[in-house]
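Peer 1: Here it is, the structure, as C-alpha cells.
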C-alpha cells in the first residue's frame, strides 16, 4: 500500500499546483489576491492532512462526536451566521470565516461508516437499519438545505446513498426512498425560493434570461468552447481576463482551466481526478474492516460527486448550484475538508492489507 500512498500524494500535489495556476490566472496574472490566499490556505491544511494520516483508524470511530459537533455548528449558522449573496452559510470570527456545511460532509461519512460497521455486512440490511442511516443523514441535509444550500445538501444525500449501497443496504428501500423524493417534487418546487426556481428554469432554457439568471451558464460555456483543442495559453483566457466569466476563482475554475488549456488539458485534469477516485476505491477494496472500507467509499464519492456536479453545472448539463472543485477552487473550507479527507484516506491505506 506504500505505492498507493505515494501515488495519492503525487496526485494531490499536482492538483494543488493546478489550483495555484488557476487562481493566478483568475487574478489576471497576479499572485494577489487569489493565488496568495490559496497558498496560505494550503500552508494550514497540508499539516492538518499529514496529522490526519497518522491518526489510527480506531480513533475515527468516535465519529458520532464529530457528527454532533458538525450539527451544532449548522445550528449556529442559522442563529448567528453571516449572510452573503442571499444565503446564510458562514460563521465569521473577526476576519476569519468558515462554512460548516463542508465540515458536515466529513462527519456524515464518518458517522454512516460507523453506523453500518456495527451492523452485519454479509446480508441485506433490514428496513430498520436503512431507516437508521436516513435518520443520521436527514438532519444534516435538511439543516444545510435551509441555509439555503441545495447543492451541498444534494451532494450529502447522494454520498449517503452511495455509502448505503456499498453497505449492502436493501436496494428496494433505496428505490422506494428515491421514488418518494420524485413524487414529492411538486411539493419541493413550492418550497423553493424565487431565485432557485429561476435558476432551474434558466438551466432548462439559458436563453430566456441571457443577461440575468442565464448569464453565468452562457459565459461559462463560451469560455470552455473558446479553448478549443489546445487552449489559449496560461493566463491568456479572454473571457477570464476581460471579466466576462463570473465567480472565476470559485465555482467556475473549470471554465478558466478549459479556456486556457483546451480539450487536451481537460483530459489530463480528468485523469488526475480519476487517479484520486481510483486510489480511494482501491484502498476501500484492501481495507481491513467494514468501517475503513465505508470511509474510503465515502471519500471516493465525495471527490467523484464534486467533480461531476461542478463540471456538469459549468458546461450546462446541470443547474448552477454553487459546488466548488476540490483543490482548485478558492476557499478555505472546501480545501480543509478535501485535505482532511485525503489524510483520512492515507490513514486507512496505512493500516490496510498489503495484498
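The values are calculated or read from the model by the stated rules, or taken from the named source; none is laboratory data. Everything numeric here is computed off the predicted structure, so don't read it as measured data. Counting neighbours? That spans all protein chains shown, and the Cβs are built from the backbone with ideal geometry, glycine included.
Peer 1: Give region 303-337 a look and list any residue that's in contact (Cβ under 8 Å) with a residue 60 or more places away in the chain, under 26 Å from residue 24 (Cβ atoms) and outside any loop (DSSP other than H, G, I, E, B), or say none.
Peer 2: Matches in region 303-337: 306, 309, 313, 314, 332, 333, 334, 335, 336, 337.
Peer 1: Before we move on, is residue 46 within 21 Å of residue 257 (Cα to Cα), under 21 Å from the mean Cα position of the chain (by Cα) and assigned to a helix (DSSP H, G or I)?
Peer 2: So residue 46 fails the test.
Peer 1: Test residue 228 against the criterion of being assigned to a helix (DSSP H, G or I) and on the phi > 0 side of the Ramachandran plot, and give yes or no.
Peer 2: no
Peer 1: Return the total of residues in region 1-26 being farther than 20 Å from residue 269 by Cβ and touching a helix residue (DSSP H, G or I) at 6+ places or on another chain (Cβ under 7 Å).
Peer 2: Going through region 1-26 one residue at a time, the tally reaches 3.
Peer 1: Let me ask something additional. If you check 243, 207, 190, which single one turns out to be surrounded by fewer than 19 Cβ atoms within 10 Å (Cβ to Cβ), modelled with pLDDT under 85 and closer than 16 Å to residue 317 by Cα?
Peer 2: That would be 207, the only listed residue that is surrounded by fewer than 19 Cβ atoms within 10 Å (Cβ to Cβ), modelled with pLDDT under 85 and closer than 16 Å to residue 317 by Cα.
Peer 1: Can you find a residue that is more than 27 Å from residue 143 (Cα to Cα), out of contact with any helix residue (DSSP H, G or I) (no Cβ under 7 Å at 6 or more places or on another chain) and crowded, with 17+ Cβ neighbours inside 10 Å anywhere in region 34-54?
Peer 2: yes
Peer 1: If residue 281 satisfies every condition in (1) surrounded by fewer than 21 Cβ atoms within 10 Å (Cβ to Cβ); (2) touching a helix residue (DSSP H, G or I) at 6+ places or on another chain (Cβ under 7 Å); (3) within 30 Å of residue 214 (Cβ to Cβ) but one, which is the exception?
Peer 2: All conditions pass for residue 281, except number (3).
Peer 1: Across region 90-106, what is the total count of residues that are crowded, with 24+ Cβ neighbours inside 10 Å and more than 18 Å from residue 67 (Cα to Cα)?
Peer 2: Residues meeting the conditions: 0.
Peer 1: Name every residue in region 290-323 that is in contact with a helix residue (DSSP H, G or I) (Cβ under 8 Å, 6 or more places away or on another chain), surrounded by fewer than 20 Cβ atoms within 10 Å (Cβ to Cβ) and at pLDDT 90 or above, in order of residue number.
Peer 2: Passing the criteria: 304, 305, 315.
Peer 1: Quick check on region 77-87: of everything there that is touching a helix residue (DSSP H, G or I) at 6+ places or on another chain (Cβ under 8 Å) and more than 25 Å from residue 44 (Cα to Cα), which residue is surrounded by the fewest Cβ atoms within 10 Å (Cβ to Cβ)?
Peer 2: The extreme case among them is 86.
Peer 1: Here is a check on your reading of the model: is residue 121 at pLDDT 95 or above and surrounded by fewer than 21 Cβ atoms within 10 Å (Cβ to Cβ)?
Peer 2: The answer is no for residue 121.
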